[in-house]
Structures are given as C-alpha cells and as structure tokens.
Amino acid sequence: MARTFEIGEQDFLLDGKPFRILSGALHYFRVHPDQWEDRIRKARLLGLNTVETYVAWNAHAPDPDVFDLSGGLDLGRFLDLVHAAGLLAIVRPGPFICAEWDGGGLPAWLFRDPATGVRGHEERYLAAVDAYLERLAPVLVPRQVEAGGPIALVQVENEYGAYGADQDYLRHLVELYQRVGLTVPYTTVDQPTDEMLAAGSLPELHKTASFGSRPAERLATLRRHQPTGPLMCAEFWNGWFDAWGEHHHTTDAQQSAADLDELLSLGASVNLYMLHGGTNFGFTNGANDKGVYRPTVTSYDYDAPLDEAGHPTAKFWAFREVLARHTVVPDEEIAPAAPAPALRVPVQRVRALSDALGELGTWRRGTRLPSFDDLGHWSGFAVYRTRLPHGAGGVLELGEVRDRALVSVDGRPVGVLARDSHERRLSLPPGEVLELLVEDQGRVNYGARIGEAKGLVGPARVDGAPLRDWEVMPLELDRAAEALSGAPGPRSALSAGPVLVGTTFDVASAPADLFLDTSGWGKGVAWVNGWPLGRYWSRGPQTTLYVPGPVVRERGNELVLLELHAARDSVSFVEGLRLGHTEA
Ligand code: GLA
C-alpha cells in the first residue's frame, strides 16, 4: 500500500498525519542474516516504530567491479523484514558512514590513485560514489514509503560538519540521490555545535543531531539551525564502543533512560544508537587516530539495549518503560537468554604459519616496498621479506608501520613494531633474511587519516642503507582450514606463534550461540565453520568472541585460529559474553 512520508512545519507526516519517529539502529552487516528477524522483532517489542541502518559500501564492493547483495549483504531482504514487522526504515547510504567500521565504509580501492579526493568534490571520488549509488538504488527505490515499502528517510553523508565544509560535494550527493530516484525526505546529522551544524548540511536538507545526554540544550542548538519541522536526535548515544587496551564502556541504564525520557518529553524524534550493535566480524572493525592509532575491538556490543548476542539488557527494560509512557508498547513475551554450552576442546592440529605459507598465497616481487593497497590487498595480513645487506645486523627503520609487524631474522623472532606506540625502529641481529608479518588492524574511520594506505610505508632502511628487492605475500586466510588438514597435534602446552591452530568439536544441540574464550591466548583471529569471528587480543577488554548460532551445527564444527604469539593446547567456550572490565 502506497503511503506518503513528509516533513511538515512541525512534525514528520505519515500519510499527512503527525508521526514521531522512534527508531533504533541495527546494522545488517554486523548481524548474521538468520538473526535479522529476531533483532527486528525485538525493536518492535521495545516500542520502536522504525529501524535505521547504514549501508557499508566497502562490504558490498570489496573490489571495484563487485557489488554483492547476497546473504549477509542482502539489504533488500533486511528492509523487507523491517517492513513485514510493520516498521518504517531509515537508510544512511553514506557514502561515508564512520560507525567504527573499516575505513568508515569507504572502499580502500578508491584511494589507490593518490589523487583521489576524500569526502569532497573531486572527480575520481565522485565518479565512484555515483556508480555506488546507481548500483544501490534498485534496492532502495522500490522500497520507499510511496512505493509501498518501509523507507521513510535517507541521510546524506554523515556528520560531515566534523570533517569538511564542501557545499559542492553535499550538493552533488543531493543531486545524485535525486537522479537515482530517492524521493523520500533527506536528512543530515551533525554533532550539536554551531560550527558543525552549519558546515555539515545544506539549506534544503533537514538537519538532525547526534548526542547522548543534555537533550534540552542540544535540541536548542539544533533549533537554531533547523528553524522549522520536527527535531530529531538521529543518534542517541546510549552506549559507546571500545578500543583494544581500554576498559569496556558502559553507560548507566537509569541515567540513559532518564535522558531518553527527557528527549521524548521535549517532543523530539529519536534513533537509538545502537538498538543492537552486533559484531565487527572478520576484519571489519575501524579505528580512530587523534595522534594515537586506536583500533576498535571486535565486539560492537555498545552497551546497547540488546547485547552483542541479541538479548535484552537492563537498558532494554528501562527504555521500554520510558517508551511505554510515550507510545503503545506491544505486550509480547521475549524468551530469556539461556546460558550457552560451556565446552573445553583439545587442540587437534597445529602448524607453524611459516610452514603453511606456500598454501596461503603467492609471493609478489618488486624493487620497491609496496603497501597492501599497492597489491590490491585491502585487509588482514601480509608477509614482507627481503635480504639484509652484507648479512650484518643494524637498526631497521621504516617510514610507518600500519599497523603492527612481527619482525624476524632468519626465522628467529626479534621484536614487534606497533603503530599505537609509534614504533618504527628496531635493532636487528646479524642474519640473511628479514621478514615482517604485518597486520592491518582496521582502517581509520574518523578524521584526517581516512583513506590512508596499509602495510609498510617506506623508506625502509638498515643503518641508513635502503632495503630493496622485496617479496610480499598477502595472506589468503580463508585457506587456513585447508592448510591445517593433516597437521599433527600440539607437542607441548604452549606452541610459540605465529601458528595456525585447528580443532573439531560437537555440541549437544544446534543451532546454539557460542562464546569462544580467548583469555590466555595472545593475539590473533578465529573462524568457526568458515565464519570469521574476528580478532582477539590479550589486551582486552573483551575475552570472548561471539559465534552466531546459525553457523554452529551439532557435529563436526571446525574451529581455526591464527595465533601470533602463543597457542594453548585446548580451547574453551563459555556461557556468555565477557566484554571486560568497566571504568569503575
Ligand atoms: C558518530 C557517527 C557514528 C558513530 C558514533 C560513535 O555519531 O556518526 O557513525 O561513529 O559517532 O559511535
């Protein structure tokens, strides 16, 4: 049934009648697709009438000529589920989305040509953005409210006022959205300062703000820039994200609920950021860098009303009580979370990464030191190898390490170069072959370093003499399980890394969510049945990796880890999430 959605002088108007948006953010790309329906249902049971999602361009387009809309990237199916639940949708296609997501959603291949602009009116950048929106439009256009679908609003860019002030760029995006057939109202979001609200939008766009407290003051600031129409907090920050090596961020449920109540009492519309955060599976996490590089952790629990595994938290119930004061909240049961199976499984297969290299990629040779991006390798790990001049030791010096390198000489480990401690020099013992196992820990998603290349950045020298003739192998880790087949079990309680580790295990009944306990392990990445659980690190705060139930079967589950430092001889799964210590 075709409907209308408009922005009136005072309110949003659904079919001409005032409508208050009560929305929650849920990123389809952070949740297993078989769980979308459950999370959307819980949005409705919280009392929300709308679900909001970003679109992660780089997830759909891992390479320039690919646009994947299948499986977990089937945005059309996600929106259809939102619609079937009787909810509206807000879509934020970016092209930049921030969101603690790798590169803020901008595909790394965009910047292979260093002349390409970033979030501005530059020809090459805009040509790629145009092509992206043209490919996305067939998913969005037929699902707009007026075509009988759920999409009520689309957002242009994201907090652009925190980055730039290029009005021609924003105007180009608006004209592009129009050209591809997006007819619903357009919004922008900015942090509620006069500077950002002024820089991040255009007069014809409806401005909204992002904040998590002091609603009256923030809405007053927003009102100065959006003199008519509904006020909206398009990102009500009810929690926060974590970085490796920090505490787990939480916000007080009662305080957050009181702020939400105040916001709603002031008549504003809202989008909870997040309703349900989900997980940065695989290598999808982003990073911040305001002088110190700080990669975001794997969990995107966000201390949201629904936790990383999709279960209601105290904040869910506190918010539901608040929402019940402002709307009709459905009275349906939500099954309580059952503890996940706790298991201890011996490690069955171990193989040194150095032995397996031949099965994990091919060497690329060149005289120059290439970045990951030069090699078309957009995330994960690569091994760099070169011969040391004269076999003598000396001080290795690199321009930059993005982001962490395990350094060895003739196969013997000599140290780690970590970007987050600004390390780029290391004393080497005498030897022939220098090798660096380099990890891209996530592309920056906020601020000036968006679009930078990964890997080793030259010049590379030993005692001032340039290192030439490099061999680099980008690791294709989806082959790790195969490389492990037939490998023997561990020879001792700890196997020194880097190693591939594998085991096979059963569960009593499936599907069942699992929580891989990474405490006692060093640093690495893990997969269950080929599903990339993401990174773990002894720094914490998190010490579990979430395994979504739909990937688990009763018999013959295959767990694979790449452990960089020290692998144990058994792995454990625990009953629930362990997101780490909080500030208090
Ligand atoms: C801003 C961005 C979001 C997200 C949050 C922090 O509001 O718009 O994408 O990065 O900050 O979680």
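The values are calculated or read from the model by the stated rules, or taken from the named source; none is laboratory data. Fair warning: this is a prediction, and the values are worked out from it, not measured in the lab. Positions of Cβ are backbone-derived with ideal geometry, glycine not excepted, and every protein chain shown enters the neighbour counts. Remember, those area values only see protein heavy atoms, side chains included, never the ligands or the DNA or RNA. Shrake-Rupley method; radii C 1.70, N 1.55, O 1.52, S 1.80 Å.
Inspect all residues belonging to segment 515-528 and state whether any of them is farther than 29 Å from Val416 by Cβ and either open to solvent by 20 Å² or more (accessible area, probe 1.4 Å) or not aromatic (Phe, Trp, Tyr) (or both). Give the steps one after another, and end with the answer.
Within segment 515-528, the subset farther than 29 Å from Val416 by Cβ is none.
Checked against the condition, which is being farther than 29 Å from Val416 by Cβ and either open to solvent by 20 Å² or more (accessible area, probe 1.4 Å) or not aromatic (Phe, Trp, Tyr) (or both), segment 515-528 yields no hits at all.
Look through segment 437-449, keep the residues that are open to solvent by less than 10 Å² (accessible area, probe 1.4 Å) and assigned to a loop (DSSP other than H, G, I, E, B), and return whichever of them is nearest to Gly105 (Cα to Cα).
Asn445
State yes or no: is Gly212 away from the ligand (no atom under 14 Å from the Cβ), touching a residue at least 40 places away in the same chain (Cβ under 8 Å), under 27 Å from Gly540 (Cα atoms) and under 24 Å from the mean Cα position of the chain (by Cα)?
no
Residue by residue through segment 162-176, note down the ones that are within 11 Å of the ligand (Cβ to nearest atom) and of a type in the set (Gly, Ala, Ser).
Ala162
Report, by residue number, each residue of segment 148-165 that is open to solvent by 10 Å² or more (accessible area, probe 1.4 Å) and over 21 Å from Trp57 (Cα atoms).
Gly148, Ala165
Need pairs with beta-carbon distance below 8 Å; first residue on the phi < 0 side of the Ramachandran plot and within segment 59-72, second in a loop (DSSP other than H, G, I, E, B) and among the acidic types (Asp, Glu); sequence gap 6+ or separate chains.
Every condition considered, the pairs that remain are Ala59/Asp68; His60/Asp68; Ala61/Asp68; Pro62/Asp68.
Can we say Arg179 is within 16 Å of the ligand (Cβ to nearest atom), out of contact with any Ser or Thr (no Cβ under 9 Å at 6 or more places or on another chain) and free of Cβ contacts under 8 Å to residues at least 60 places away in the same chain? Don't jump to the end; show me each part of the working.
Values: within 16 Å of the ligand (Cβ to nearest atom): no; out of contact with any Ser or Thr (no Cβ under 9 Å at 6 or more places or on another chain): yes; free of Cβ contacts under 8 Å to residues at least 60 places away in the same chain: yes.
Answer is no for this residue.
For a quick check of your reading: which strands (runs of 3 or more DSSP E) sit entirely within segment 375-418 and have at least 1 residues that are among the polar types (S, T, N, Q)?
Once the strands (runs of 3 or more DSSP E) in segment 375-418 are filtered for at least 1 residues that are among the polar types (S, T, N, Q), what remains is 380-387, 404-409.
Considering (1) crowded, with 19+ Cβ neighbours inside 10 Å; (2) touching a strand residue (DSSP E or B) at 6+ places or on another chain (Cβ under 8 Å), say which one Ser570 fails and leave the rest.
Result: Ser570 fails condition (1) only.
Out of Arg77, Arg124, I need the residue that is among the charged types (D, E, K, R), more than 30 Å from Arg41 (Cα to Cα) and either in a loop (DSSP other than H, G, I, E, B) or at pLDDT 95 or above (or both). Which one?
Only one candidate passes the filter, namely Arg124.
Which one is nearest to the chain's Cα centre (by Cα), of the residues in segment 304-333 that are open to solvent by less than 50 Å² (accessible area, probe 1.4 Å) and aromatic (Phe, Trp, Tyr)?
The residue in question is Phe316.
State whether one or more residues within segment 292-301 are open to solvent by 30 Å² or more (accessible area, probe 1.4 Å), over 30 Å from Asp569 (Cβ atoms), away from the ligand (no atom under 16 Å from the Cβ) and part of a loop (DSSP other than H, G, I, E, B).
Among the residues of segment 292-301, at least one is open to solvent by 30 Å² or more (accessible area, probe 1.4 Å), over 30 Å from Asp569 (Cβ atoms), away from the ligand (no atom under 16 Å from the Cβ) and part of a loop (DSSP other than H, G, I, E, B), which makes the answer yes.
Within the group Ala287, Ala243, Ala253, which residue is of a type outside the set (Phe, Trp, Tyr) and either closer than 20 Å to Ala314 by Cα or free of Cβ contacts under 8 Å to residues at least 12 places away in the same chain (or both)?
Result: Ala253 is the single residue among Ala287, Ala243, Ala253 that is of a type outside the set (Phe, Trp, Tyr) and either closer than 20 Å to Ala314 by Cα or free of Cβ contacts under 8 Å to residues at least 12 places away in the same chain (or both).
Scan segment 2-30 residue by residue and report those that are out of contact with any Lys or Arg (no Cβ under 6 Å at 6 or more places or on another chain), assigned to a loop (DSSP other than H, G, I, E, B) and modelled with pLDDT of 95 or more.
Thr4, Gly8, Glu9, Gln10, Asp11, Gly16, Arg20, Ile21, His27
Is it true that Phe372 is under 12 Å from Leu437 (Cβ atoms) and within 29 Å of the chain's Cα centre (by Cα)?
no
When the residues of segment 96-145 are narrowed to those that are open to solvent by 40 Å² or more (accessible area, probe 1.4 Å) and among the acidic types (Asp, Glu), which ends up nearest to the ligand (Cβ to nearest atom)?
Checking each candidate, the answer is Glu134.
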